[in-house]
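In what follows, a single structure is set out as C-alpha cells and then discussed.
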Amino acid sequence: DKNNDNNDATTAPPNISIVLNDPAGNSYIENPDAPARDPHLAISHYYRTAKQDMSLGLQPSAAAVATGTIDDADPRHKNV
C-alpha cells in the first residue's frame, strides 16, 4: 500500500543520528536548505589515523618509517 510506505527519507523520525565513518571522505549529508544553516545538523571534522592513511595509500610519517611500524597512539606517526 503506497499510503503506508515509510521508505521516504522525509518521513524519518525527528530524533535520529547518522554517523558517517568514511576515512576516504567520499560521503556527505546534503542540507536541502543550503546555503541556509541547518539548525539540526552538527558538523565535526574527521581526522584519519595513521593506519587509515596507509590503507588509503598515503605515505607514512618519517617516524613510522624509522620504527618500521605504524602506531595510531603515537602522534609522531601521523603526517600532518
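The values are calculated or read from the model by the stated rules, or taken from the named source; none is laboratory data. Fair warning: this is a prediction, and the values are worked out from it, not measured in the lab. Glycine gets a Cβ as well: all are built from the backbone with ideal geometry, and neighbour counts include every protein chain shown. The accessibility values were calculated without ligands, DNA or RNA, using every heavy atom of the protein model including side chains. Shrake-Rupley method; radii C 1.70, N 1.55, O 1.52, S 1.80 Å.
Taken together, Ala42, Ala50, Ala64 contain a single residue that is hydrophobic (A, V, I, L, M, F, W, C) and within 30 Å of Pro14 (Cβ to Cβ), which is Ala42.
Being among the aromatic types (Phe, Trp, Tyr) and touching a residue at least 24 places away in the same chain (Cβ under 8 Å), is that true of even one residue in the stretch 20-28? No, every residue in the stretch 20-28 fails to be among the aromatic types (Phe, Trp, Tyr) and touching a residue at least 24 places away in the same chain (Cβ under 8 Å). Scanning the stretch 43-80 for residues that are closer than 19 Å to Val19 by Cβ and open to solvent by 90 Å² or more (accessible area, probe 1.4 Å) yields Ile43, Ser44, His45, Tyr46, Tyr47.
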